[in-house]
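Trainee: Here it is, the structure in full.
Any read-out appearing in this document is the output of simple, stated calculations on the displayed coordinates, not a laboratory observation. Computed from a predicted structure; not experimentally measured. Cβ atoms come from the backbone with ideal geometry, glycine included; neighbour counts cover every protein chain shown.
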Amino acid sequence: MNNRQLTINNQQQELLEIAHTYLQQEIAPEANQIDRQPDQLQAALQGLGKRNLLALKVPENLGGAGLNEIEYRHLQIAIARASGALAFLQTQHQSAGSFLVASENQFLKQQYLSQMGNGEILIGVGFSQLRRRGKPMMQAKEVEGGYLLNGEVPWITGFDFFDRFIIGAALPDGRELYGLLPLQTQTQESSGKISLSQPIELIAMTATNTVSAKIEGWFLPTQQVVAIKAAGSIHEGSKKNILHHGFFAMGCAYAALDLIEQIYHKKQLAFIEQSWQQLHQELTHCHQKTFNAIAQPHSSYPEKLQLRAWAINLVGRCSQAAIIAASGAANDFNNSAGRIYREALLFSVSGQTTDVMAASLKQLL
């Protein structure tokens, strides 16, 4: 990664300062409510939009903040540290923005990108089903003027937050089709249909309104196609981006340590402070090694995989330590220790591949 990619301008530095102030002063104190109440999460997301924080990696000339990879990942940690639900929701939109930046569809880029940073347009994603082996859950067939889509999308986060989402479907030859669909139950004049489920009852971040979708004969016009990629591209992308979900785990681990520190100041028990110090030291080490791996273009996949598994292991231990330090109060549904622990469970499996599963389990043995 060259020096140009690691530098930021004054405007970007100011944006980062605005972001950290917002997260620390307005989001973190309300994290328990944001976790469970969609209206509170909506307000938090709108707050990011008002501060132009919703297209962080979109280049400045396309309407985004144009952050480099290092600063972007630091900010993702900070968001997860303040609120797991907000981190989980906004990353769907940030991913959609990156997808559109890479698209060759100039019509879509011009129509959406300039309005994504401030939240005037909000877009989710729904293509995790392409990671599943066997018969494709979502299939696409080319027809005159576009494609017919049929199948199921098991996981779309952001119903009632996002206007539309990028769907992933498999073509008969195995290539991957990505296109924009409305995120609502809808029937076309041609009888194509999108049917959304009720929000899934997740163990954490229920306010994010994660749903599943059944797609029946939906016509996707060519101008709404974001990309067509080679077969297996999503698996290659998962390997290339193996570290990405680990940053949310690290942010959640920091949140747990923040809580442990607060508990120590209240209880004044030396062993709580000692536990905090040891866990904080290890988390700092993991943090540093992970960012070194980003900065070094020749870092190996096995090395990055172990760093991802380490972050998952740490968030589990830090969040459990917060539960134990909180004592019986952790059983109160409104206690932050329980929320952070539940967030840790979700971040432990977010974006999971079989390699990540194996590496994560190995660290427990």
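Trainee: What residue among Asp332, Asp35, Asp258 shows peak mean-square fluctuation when the chain is described by a Gaussian network model with Cα springs under 10 Å?
Mentor: Of the options given, Asp332 has the highest mean-square fluctuation.
Trainee: Would you mind ranking Leu122, Leu279 by Cβ crowding within 10 Å, fewest neighbours first?
Mentor: If I rank by nearby Cβ atoms, fewest first, I get Leu279, Leu122.
Trainee: I need the per residue convex hull volume for segment 123-231, using only the alpha carbons, in cubic angstrom as a whole number.
Mentor: 99 Å³
Trainee: Then there's this: Suppose R0 equals 51 Å. What FRET efficiency, 1/(1 + (r/R0)^6) with r the Cβ-Cβ distance, do Thr7 and Glu216 give to the nearest 0.05?
Mentor: The computed FRET efficiency comes out at 0.55.
Trainee: Treat each spin label as a single point 7 Å out from the Cα along the C-beta direction, and report the Thr185 to Arg133 distance in nm.
Mentor: The answer from the label model is 3.6 nm.
Trainee: Sort 144-150, 48-54 by the packing proxy (mean of other Cβ within 10 Å over each peptide's residues), most packed first.
Mentor: Output ranking for 144-150, 48-54: 48-54, 144-150.
Trainee: Continuing with the same structure: Once the mean 1/r over all distinct Cα pairs of the chain is inverted, what Kirkwood radius in angstroms do you read off?
Mentor: 21.3 Å
Trainee: Something else now. Among DSSP beta bridges lying fully in segment 123-231, give the percent that are antiparallel, nearest 5.
Mentor: Taking every DSSP beta bridge with both residues in segment 123-231, the antiparallel ones total about 85 percent.
Trainee: On a C-alpha basis, how far is the centre of segment 132-161 from the centre of segment 238-293 in Å? Whole number, if you could?
Mentor: With segment 132-161 and segment 238-293 each reduced to a Cα centre, they are spaced 38 Å.
Trainee: Quick one: putting +1 on the C-beta of Lys and Arg, -1 on the C-beta of Asp and Glu, what dipole do you get for the chain around its Cα centre, in Debye to the nearest 20?
Mentor: 820 debye
Trainee: Taking amide hydrogens as modeled 1.01 Å from N in the peptide plane, which residues meet the under 5 Å criterion relative to Val226, leaving out close sequence neighbours?
Mentor: Tyr178, Gly179, Leu180
Trainee: Continuing with the same structure: What net charge do the residues around Asn331 carry, taking every other residue with its C-beta under 15 Å from that of Asn331, with Lys and Arg at +1 and Asp and Glu at -1?
Mentor: It works out to a net charge of +1.
Trainee: So how do Trp155, Trp276 line up by other beta-carbon neighbours within 10 Å, fewest first?
Mentor: Going from sparsest to densest Cβ surroundings: Trp155, Trp276.
Trainee: Can you give the extra length, in nm with one decimal, that the chain gains between Tyr301 and Val101 once fully stretched, where that is 0.36 nm per residue apart less the Cα-Cα distance?
Mentor: The Tyr301-Val101 span can extend by a further 69.5 nm.
Trainee: Given a Förster distance of 56 Å, report the FRET efficiency between Ser197 and Leu269 from their Cβ-Cβ distance, rounded to the nearest 0.05.
Mentor: Efficiency, rounded to the nearest 0.05: 0.75.
Trainee: Here is a further query. Around Trp276, under 14 Å between beta carbons, what's the net of Lys plus Arg minus Asp minus Glu among the other residues?
Mentor: Net charge in that neighbourhood comes out at -1.
Trainee: Which of Glu30, Glu236, Glu343 comes first, and how do the rest follow, when ranked by fewest Cβ neighbours within 10 Å?
Mentor: Result, fewest neighbours first: Glu236, Glu30, Glu343.
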